[in-house]
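Structure record follows, encoded as structure tokens.
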Amino acid sequence: MLRVNSASVLFVPPFECAWLSELEIEEGGGCLSFEARGETDVTVLFKSAPGSRRWQHTVRGSSSGDCGYTVILGSHRNRCLKIERDGQTCVQVDGVPGARLSSLDFTKFWISFSQRGAFAIGYGTPGTGTYFRWVDPVPLAAIRHVGLSTWDQHSAYRDIKLHPPSALQPAPASVEAQQADPVPSLEVLCEGVALAAAGPGNVCAALSLVEALAPAAGRLRAAGLRLLAEQLPAVLVADAAGFAALPVAVLDSLLQGQSLGCSEFEAYQAVTQWAAGGAAQADVERLLPLVRFPLMCAQEIKAVKAGDLAARSAVLRGLICEAEAPRQPDVAPGHAAADSAARFRRRQPPAATELLYVSDGDGNGVCRQLGTGFGRHSWVNPMLSGHVQVSASSPCCRHTDAKALVSGGFLRHNAAGPPSGGGGGAWWQLDLGARHRLACNHYTLRHDASPAFPRSWGLQGCEENGAWVDLRRHEADAALALPGQFASWSVPARPGSAAAFSVFRILLTGPNAAGTRELAVSSWELYGYLYVQPERTK
């Protein structure tokens, strides 16, 4: 099933196709840019008419008008680039570095197409990083629609844009299929020098200049925003005057971003510092809704209410009321609109690695990644290698196998019983170790073959003082109803508690479907933002 998560990431299952109905190629052509993440076979379809729900090739040799091109990045187990015309392979090039995918990080790609049948494919900002060109000698007519698909693994897409035809043309019609040998432009070389010299003390001046040159120097603007997001507290100290002089558009882009190297309260303080430099009230109120007040703790909200800005701004007072409104600890409020719902999502810290939930058993979770050294070696159970520790409320035995919980496999019977003292419910606990902390935003359970399906339980994280914090509670949840079944749930940000934990547990809070107090789990996986502390050198 096609799915879009709260961070506007599009997940495409195997053989499905997401047709971009709002993006239609103009008569002269266009340039599609997107970020993709997956194991293999990121597939882009260019057709004269939107296709079916599934990826279906045109029948070879048919006279159907449903014709088109297919561009596959990371084809043949992430080894090559492939272009098809009406289902027939026209180009297959091995060893194209820019066409390889990553299952851990999003990679930015672009594909430029003209109605003359000319393609250019690259990575990064559209028009740069070109690594392949191809021209169809007999181009198909009226290619207007674009679809995103995949082969036998889920793929994730985000930041999907269709740009109009520009001065950059993919290639003249006489050029044969070839790999490009790009030469850096003067603009790219200047940007490289500027980026190398950028720091907290001068990034504001650079962003002010770039904003005046917009839409030129887009790469430099994006790099400056990344630096500002990563080192915002240091920038406020090193160049307070430069920060106060930033255009509102720069701060708007900064606060709309998903990555920020400070707390939401510090982001609010940055807005108030900028406002104190003489900013218009309308510009200030444009920025305030981009601060995620619901993620602030009670003491921080109290400090916001006591400030001068709260007395002057009705917008701020409304945001404070939204942050103080009671809500369930497991989900963000259902009545929130798309822009409001974004305020309930925790940002990704620049220092963290995103472990993105794509599908059940996708191999992107923390246990799988620690077991493969983030893809550097073959799988080793992370408990056996010492990366994690798993424990249960009852002693380990034949039917209480701790190491199996992080193996990703299936056991016919694997359950934790009630504690021997009789106090509290059954639990499984996962300790990621002192070097790892996870800001969990999704988790997956796989049931064993028993009828003891859990119905009421909670996911908890352990704070540094030893106190357990509810991250998500389940009451009468019947998601697990079949032997060996997977089920996954989102975990919203928890205001007032630690963002990341090293120790997690699943705690049974009521009888299971069989009426007993056993917590039956075959495997368990966690996703989110992982912090890794460097190893100490001896």
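Remark: the chain carries a charge dipole of roughly 920 debye about the Cα centre, counting +1 on each Lys and Arg Cβ and -1 on each Asp and Glu Cβ. Taking the average, over residues, of other Cβ atoms within 10 Å as the packing measure, peptides 374-381, 286-293 rank 286-293, 374-381 from highest down. Could you pull the accessible area for VAL237 with a 1.4 Å probe, rounded to 10 Å²? My reading of the accessible area for VAL237 is about 120 Å². TRP489 exposes around 20 Å² of accessible area when a 1.4 Å probe is run over every protein chain in place.
Once the chain from ARG77 to GLU26 is taken as fully extended at 0.36 nm per residue, the excess over their C-alpha distance is 15.1 nm. Modelled label-to-label distance, THR89 and ALA513, 7 Å Cα→beta-carbon offset: nm? Going by the 7 Å Cα→Cβ label model, 4.5 nm.
With protein chains left intact and a 1.4 Å probe, residues in the stretch 62-143 average 39 Å² of accessible area per residue.
Note on exposure: LEU209, LEU236 ranked by accessible area (1.4 Å probe, complete protein assembly) read LEU209, LEU236, with the most exposed listed first. If you bin all the Cα-Cα distances of the chain at 10 Å, starting from zero, the percentages per bin are 3, 16, 23, 24, 20, 11, 3, 0, 0. Measuring only protein heavy atoms, the 1.4 Å probe finds MET296 accessible over about 10 Å². So, R0 is 25 Å and r is the distance between the beta-carbons of ALA240 and GLU463; what FRET efficiency does that work out to, to 0.05? Once rounded, the FRET efficiency stands at 0.15. Distance between the 7 Å Cα→Cβ label points at GLU324 and ALA298: 1.2 nm. Run the accessible area of the stretch 354-418 with a 1.4 Å probe and give the carbon-and-sulfur part as a rounded percent. For the stretch 354-418, the apolar C and S fraction of the accessible surface comes to 54 percent. Annotation: amide H of TRP19 within the under-5 Å range of LEU148, sequence separation 5 or more or interchain, hydrogens built in the peptide plane.
Where does the chain land at 222 nm, in deg cm²/dmol rounded to the nearest 500, when only DSSP H runs of n ≥ 4 count, each adding -39500 (n - 2.57), divided by all residues? Calculated from helices alone, the mean residue ellipticity at 222 nm is -6000 deg cm²/dmol. Placing pseudo-labels 7 Å out from each Cα toward the beta carbon at ALA481 and LEU213 gives an inter-label distance of 6.0 nm.
Annotation: for a label point projected 7 angstrom from Cα along Cα→Cβ of GLU35, residues of the stretch 99-123 with backbone N closer than 19 Å are 99-111, 122-123.
Among the lysines of the chain, pairs that are 8 or more positions apart or on different chains and have alpha carbons within less than 28 Å of each other number 6.
The values are calculated or read from the model by the stated rules, or taken from the named source; none is laboratory data. Everything numeric here is computed off the predicted structure, so don't read it as measured data. Cβ sites come from the backbone with ideal geometry, for glycine too, and all protein chains shown count toward neighbours. For the accessible areas, the whole protein counts, side chains as well, though only heavy atoms, and no ligand, DNA or RNA atoms are used. Shrake-Rupley method; radii C 1.70, N 1.55, O 1.52, S 1.80 Å.
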